[in-house]
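Report on the structure given below.
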């Protein structure tokens, strides 16, 4: 097998997530970064490519030039897919251009800036027949996959309730404009209609749907902006209704001072429950109504899906980069099948696709819409003042 050739849009000098994508893509030694347009500034893009020791002729000034020039190369040399790691507002134009020029796309989430764009993108994906994936990273963890398998196998019985929290503290104070990550994530023109819920609340919602294999159908949300002068929400609480009568709560915050990246999910069924913490990702706790609690560890004898996404023996921690790499690994397995003529949509390649992209944007918009109306809340004050 030859390596799959990857291009990249964004992720240049000073960017956080670009380096994460590159490490994850190269972890299994099956992907090679061959070209890129790494910045909206031409000089910075070319300098970033040179710093990554790419061929100078394939360090491009902008992504449109990259697509045009790559398409002219022999088939066995041009990139086969592009990773999009820009701020949110550039996801749609970059993905649209890639697909229309014949390249598969793996994009950082969210898929686009807004719901209208993602619906357009879905049409383009379907019309081109090319592959599209999203890096909803947390579904890549082995113990998350084991949780999904246990739920689907009925290990905890029919699911009744889900509690998910994604709590950070890095935006507890106002940020200076030289903080690149905070600057664009709190800017509606680049981030979208939601800050905290769009950034991390969407990950929490995706994790709920992945583990339960059930969709969220109704929400009751309250989003808050605590830091004065900030233009987007930095905290949110959501009540969830899901398919088959499942109820849940979702909390997300970026102003929980002292918290790092505390993503936690609990799923409760008739016979027991599951609990997983992203900051201790190698452990999945299974609790039963009438027997002892089980503690499952990455690397043990688990389901075929879990084992296929595990790289190390028990006791050797696997974390964020490996979870990211699993998304890449599963995506390129689809590319290999696609180019080998054996790809079919009915096969579960186990990576988030354009369907999750549409659902993600719809959920974020529903959180904002729900938060902007007060019809669900009952004021107890009049009862106290009689």
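The values are calculated or read from the model by the stated rules, or taken from the named source; none is laboratory data. No experiment lies behind these values; they were computed from the predicted model shown. Cβ atoms come from the backbone with ideal geometry, glycine included; neighbour counts cover every protein chain shown.
Observations on the model:
- The helices (runs of 4 or more DSSP H) falling completely within the range 36-141 that include 1 or more residues that are in contact with a helix residue (DSSP H, G or I) (Cβ under 6 Å, 6 or more places away or on another chain) map to 63-72, 91-100, 115-128.
- Within the range 288-310, the residues that satisfy the criterion of being in contact with a helix residue (DSSP H, G or I) (Cβ under 6 Å, 6 or more places away or on another chain) and over 26 Å from residue 270 (Cβ atoms) are 298, 309, 310.
- The single residue among 264, 249, 285 that is out of contact with any helix residue (DSSP H, G or I) (no Cβ under 6 Å at 6 or more places or on another chain), outside the structural domain of residue 185 (by TED's automatic domain parsing), at pLDDT 95 or above and not in a loop (DSSP other than H, G, I, E, B) turns out to be 285.
- Conditions (1) over 24 Å from the mean Cα position of the chain (by Cα); (2) farther than 18 Å from residue 211 by Cα; (3) modelled with pLDDT of 95 or more: number failed by residue 314: (3)
- Residues in the range 211-241 that are closer than 22 Å to residue 305 by Cβ and surrounded by fewer than 22 Cβ atoms within 10 Å (Cβ to Cβ): 213, 214, 215.
- Any hit, the range 184-192, residues being within 19 Å of residue 260 (Cα to Cα) and assigned to a loop (DSSP other than H, G, I, E, B): yes
- Residue satisfying all of: in the range 267-282; part of a strand (DSSP E or B) and touching a helix residue (DSSP H, G or I) at 6+ places or on another chain (Cβ under 7 Å); nearest to residue 170 (Cα to Cα) among these: 276
- Filtered residue count, the range 68-79, keeping only those that are within 22 Å of residue 338 (Cβ to Cβ) and surrounded by fewer than 22 Cβ atoms within 10 Å (Cβ to Cβ): 8
- Given (1) part of a loop (DSSP other than H, G, I, E, B); (2) in contact with a helix residue (DSSP H, G or I) (Cβ under 9 Å, 6 or more places away or on another chain); (3) crowded, with 16+ Cβ neighbours inside 10 Å, index of the condition residue 177 fails: (3)
- Search result, residues across the range 32-81 that are touching a strand residue (DSSP E or B) at 6+ places or on another chain (Cβ under 6 Å), farther than 18 Å from residue 100 by Cβ and in contact (Cβ under 8 Å) with a residue 40 or more places away in the chain: 34
- The single condition from (1) surrounded by fewer than 21 Cβ atoms within 10 Å (Cβ to Cβ); (2) closer than 25 Å to residue 26 by Cβ that residue 306 fails is (1).
- Test: residue in the range 145-165 that is part of a helix (DSSP H, G or I) and over 29 Å from residue 314 (Cβ atoms): no
- Test: residue 168 is without any contact (Cβ under 8 Å) to a residue 12 or more places away in the chain, buried (at least 16 other Cβ atoms within 10 Å of the Cβ) and assigned by TED's automatic domain parsing to the domain that holds residue 372: no
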